[in-house]
Each structure stands twice: as structure tokens, then as C-alpha cells.
Amino acid sequence: MHTDSLPRLAARTDRFVASAIRDLLQLAERPEVLSLAGGLPDGSMFPVDRLAVAAARATATTGRYGSAALQYGPTEGLEAFREWVAAGSLVHAALGPVDEYIVTTGSQQGLDLIARCLVDAGDTVVVEDPVYLGARQVFVAAGAQLVGVPVDVDGLDVDRLASRLHGGLRPRLVYTVPHFQNPTGATLHPRRRIELAALARRFGFVVVEDDPYVAIDFEGRRHDPIGALAPDHTVTLSSASKVLAPGLRVGWLRAPAWLHRTLVLAKQSVDLHTSGLDQLVALDVLRDDTFMAGHLATLRAVYAAKGHALHAALDGLFATRAPTGGMFLWGTATDDTSAMFEPAISAGVAYVPGRAFGVEIERSHQLRLSFATLTTDELEVAAARLRAAFLGAN
Ligand SMILES: Cc1ncc(COP(=O)(O)O)c(C=O)c1O
């Protein structure tokens with residue numbers, strides 16, 4: 001009997017794992033479910049009209065080789081974009097000269113490039129515990145051994161990291177989301193930033209500073225980037241996704257000179273360059289300071305109102321901290337939040353159980369609640385449904 005033999009996949013694809021929450025998100029998409037589970041920004045806040053103006057301008061601009069929006073461009077990104085990032089803006093701090101920057105296809109691509117260039121299979125990578133799932137996916141695909149260092153109210157517990165380093169831990173990378181972390185909302189304390197920078201220099205690892213939420217601060221509180229404290233040991237990433245729209249797929253990173261060229265080569269083999277059209281559209285809006293000042297003020301006010309509404313509506317049900325920025329509340333429940341997921345869906349509300357984000361700590365009684373997408377009224381209904389599901393179970 002003849003059987004076709006199918007070609008086999010490369011061995012490394014064994015490490016390509018689906019996002020732990022994809023199945024959950026499918027349940028959350030049922031029309032009757034109010035979802036606090038997604039990590040999406042509020043689509044009603046996308047500056048659609050301003051982006052349309054930018055798109056028209058981007059395609060109208062034609063130079064000697066045609067439109068920069070439509071022609072092949074440099075792998076490191078359009079010069080004008082890199083000049084804007086290097087100068088610093090309302091969205092992010094300046095960190096170094098233009099030639100240390102790369103425009104990336106979202107900051108997610110930046111994470112992937114870093115893993116390609118700095119992580120061999122079997123290398124240790126320290127991540128926050130709980131961790132941003134997209135980062136875990138990248139580092140696992142690279143074959144890294146993940147070590148989780150807990151996050152508390154002041155972000156990554158750098159003292160805990162220090163004691164593990166003194167105990168012999170030798171990571172290649174330490175990954176952190178230093179403002180309004182996904183999933184906990186915590187911000188890394190300035191003292192810890194200084195200590196982390198010192199540890200990176202002493203133990204020779206790279207800090208991956210993934211900072212997409214920095215501009216969504218509710219209280220005007222931003223701290224110095226770690227990239228300013230240990231520039232030779234830090235890659236800083238940010239993105240237009242949370243401040244404009246994620247569909248643009250425009251992010252950027254700043255890397256020290258010794259690493260920059262290698263990252264550019266890695267990017268070249270992945271996608272040649274980030275879409276010129278996307279870069280020009282994003283840039284037109286991002287460097288319009290008058291527009292951005294108003295837009296960011298509205299975005300912060302809207303997200304702050306939603307975050308505080310959800311926090312207040314959950315009073316007495318879960319322990320949560322009032323949000324200071326970003327898109328997420330991190331709650332602690334008296335029940336196991338994985339076991340409560342189905343009852344919550346039946347009650348018409350979804351969240352992400354804490355287990356999905358745990359690295360070394362199980363997080364069985366914790367949960368992530370996104371306040372970005374629903375309206376304030378919907379958030380209150382969602383909180384009432386959570387209350388019915390959780391209290392009804394007892
Ligand atoms: C911490 C963090 N890093 C990176 C990303 C990816 O963002 P981008 O759209 O810029 O690829 C996200 C998206 O949710 C995120 O939360």
C-alpha cells in the first residue's frame with residue numbers, strides 16, 4: 001500500500017507554542033460576553049481622521065525614487081522617523097544618537113530580534129513573574145530557560161534578582177516592562193532602576209526594557225529609562241500601538257552600538273524593513289506635538305476614568321490596586337480563578353486567570369482585568385457579573 005509521507009517540520013518548531021490564552025479569548029468573543037480578557041487598546045480612541053490625513057500625505061509625497069511610502073526603504077527605518085525617535089517626544093525619552101535606533105514592525109518584532117541575536121538554546125533569560133505572554137512566547141521559541149523574578153507594587157523585585165545573581169544565576173537577558181506592566185500594572189521604582197542598571201554592568205547581561213505604556217500615565221509620573229542608566233547594557237523598546245493604533249505595526253528600539261548592526265542584519269532577513277507607508281503615517285501624527293498633546297491628554301483621561309471605575313466596582317470582591325497608568329488591573333480573589341473562568345463566562349464576563357502569566361509562581365488566585373476596551377457602563381455591568389459568578393459560587 002502506498003502512503004504519502006509528509007515533509008517534517010524543523011525541530012525548533014517544537015518550541016513554537018500557542019499563546020496560553022488564545023482559547024480563552026475565543027470564549028470571550030461570544031457576543032453575550034463582556035470581555036476584560038483582551039489586551040487590545042480602545043478602538044474608539046484611534047485618531048482615525050488624523051491618520052487619514054497622514055495617509056493621504058504619505059502617499060502624495062514623491063521623490064526621485066518614487067514615494068518613500070511605497071518604495072523599498074532602509075532596514076533600520078526611514079531617516080526622518082529615526083530622527084524623530086532619537087530626539088525624544090511626548091511619547092518617549094531621548095536615549096542616544098539616530099544611528100542607535102531601529103524602526104521595528106511593532107515592539108513584538110523588537111523582542112524577537114533581540115532573542116535571535118542574544119539567546120542561544122539553553123541560555124537563561126530572566127522574566128518578570130507574572131510575565132507579558134508575548135515576551136514569554138519569543139524567549140521560549142528561542143530555546144531559553146526562563147527564570148521568573150517576582151513583580152510587586154514597585155515592579156521587578158531587583159533585590160531578589162540580585163540574590164539569585166550572587167547565588168550563581170547568569171542570565172543573558174533580563175526582561176522588564178518598566179511602566180504599568182502587563183499584566184500587573186506595576187511601575188519599576190527609580191531606586192530599582194538604578195540597581196538593575198548596576199547589576200547589568202556587573203554581571204554582563206542585557207536589560208530588555210519594553211516600554212509601550214510609558215505615555216499612558218494617569219498621574220504624570222514617569223521615571224528615567226534604564227537605557228539612560230546603563231546604555232551599553234540595555235535595549236529600550238516602545239511602540240505606536242498603544243498611543244495611536246496597533247494595526248499600524250510600528251515600533252522602535254534603541255540598542256547600544258555593539259549590538260545595533262547585528263539587530264539590523266537580523267531584521268533584514270525577517271522583513272527587509274518595516275512598511276514605509278506605516279512609518280510615514282505614524283510619523284506624521286507622532287511628530288505633530290499639538291495634536292499629540294491633546295490626543296494623549298484625552299487617552300489618559302479616558303483610560304484613567306475607566307480604570308478607576310472598574311477598580312471601584314470591584315471593591316470587596318477582589319483585592320486590586322488603583323491603576324496609575326496603562327490598561328490593566330491585577331486582582332487577587334479568594335477562589336481559584338481558573339476554576340471560576342467557566343462560571344464567569346456563563347455569567348457573561350471574561351478575564352484572564354493568573355495562571356496564564358505565572359512563571360515560577362502559580363498565581364492560581366489572581367487574574368488580569370483589562371479596562372481599556374469596554375465603556376465605563378459596560379465595566380460596571382462586567383463587575384456586577386463577576387460579583388454574581390464569584391459570590392454565587394460560595
Ligand atoms: C508589554 C508589551 N510589549 C509588547 C507588546 C506588543 O506591542 P506591539 O503592538 O508594539 O508589537 C505588547 C502588546 O500588548 C505589550 O503589552
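If only residues of the range 111-128 that are within 16 Å of the ligand (Cβ to nearest atom) and outside any helix (DSSP H, G or I) are counted, the one that is farthest from A142 (Cα to Cα) is E128.
Here is a check on your reading of the model: is V243 crowded, with 24+ Cβ neighbours inside 10 Å, over 13 Å from the mean Cα position of the chain (by Cα) and within 27 Å of A301 (Cα to Cα)? Spelling it out, it is not the case that V243 is crowded, with 24+ Cβ neighbours inside 10 Å, over 13 Å from the mean Cα position of the chain (by Cα) and within 27 Å of A301 (Cα to Cα).
I'd like the full set of residues that are among the hydrophobic types (A, V, I, L, M, F, W, C) and within 16 Å of the ligand (Cβ to nearest atom), limited to the range 4-43.
Of the range 4-43, the ones among the hydrophobic types (A, V, I, L, M, F, W, C) are 6, 9-11, 16-18, 20-21, 24-25, 27-28, 33-34, 36-37, 40.
Those that are among the hydrophobic types (A, V, I, L, M, F, W, C) and within 16 Å of the ligand (Cβ to nearest atom): A20, I21, L24, L25, A28, L36, A37, L40.
Look at (1) under 21 Å from the mean Cα position of the chain (by Cα); (2) modelled with pLDDT under 95 and you find that A60 fails only one, number (1). Here T124 meets each of (1) exposed (fewer than 15 other Cβ atoms within 10 Å of the Cβ); (2) at negative phi with one exception, condition (1). Quick check, is L386 in contact with a strand residue (DSSP E or B) (Cβ under 9 Å, 6 or more places away or on another chain), touching a residue at least 40 places away in the same chain (Cβ under 8 Å), under 23 Å from R30 (Cβ atoms) and not in a helix (DSSP H, G or I)? When the stated conditions are applied, L386 does not pass them.
All of (1) away from the ligand (no atom under 16 Å from the Cβ); (2) surrounded by fewer than 18 Cβ atoms within 10 Å (Cβ to Cβ) hold for F46 with one exception: (1). The set of residues from the range 69-80 being in a loop (DSSP other than H, G, I, E, B) and surrounded by fewer than 21 Cβ atoms within 10 Å (Cβ to Cβ) comprises L70, Q71, Y72, P74, T75, L78. Every test in (1) within 24 Å of G134 (Cβ to Cβ); (2) in a loop (DSSP other than H, G, I, E, B) is passed by D335 save one, and that test is (1).
Filtered by the rule that a residue be buried (at least 24 other Cβ atoms within 10 Å of the Cβ) and over 21 Å from A197 (Cα atoms), the range 143-160 gives a lone residue, A144. Among the conditions (1) in a helix (DSSP H, G or I); (2) away from the ligand (no atom under 12 Å from the Cβ); (3) out of contact with any helix residue (DSSP H, G or I) (no Cβ under 7 Å at 6 or more places or on another chain), the only one that K267 does not satisfy is (3).
Considering the range 340-394, and only residues there that are of a type in the set (K, R) and within 26 Å of the chain's Cα centre (by Cα), the residue that is surrounded by the fewest Cβ atoms within 10 Å (Cβ to Cβ) turns out to be R355.
Go through S19, S44 for me and flag whichever is at pLDDT 95 or above and closer than 30 Å to A389 by Cβ. Result of the check over S19, S44: S44. Sub-8 Å Cβ pairs linking a first residue in the range 81-110 that is in a helix (DSSP H, G or I) and within 16 Å of the ligand (Cβ to nearest atom) to a second residue that is modelled with pLDDT under 95 and acidic (D, E), at least 6 apart or interchain, number zero.
Looking only at strands (runs of 3 or more DSSP E) that lie completely in the range 150-256, which have at least 2 residues being more than 16 Å from V127 (Cα to Cα), modelled with pLDDT of 95 or more and within 14 Å of the ligand (Cβ to nearest atom)?
Values: elements: 173-176, 206-210, 234-239, 251-254.
Qualifying strands (runs of 3 or more DSSP E): 234-239, 251-254.
Out of A297, A322, I need the residue that is part of a loop (DSSP other than H, G, I, E, B) and free of Cβ contacts under 8 Å to residues at least 60 places away in the same chain. Which one?
None of the others qualify; the one that does is A322.
The values are calculated or read from the model by the stated rules, or taken from the named source; none is laboratory data. Please read these numbers as outputs of a predicted model, since none were measured by experiment. Neighbour counts run over all protein chains shown; Cβ positions are idealised from the backbone, glycine included.
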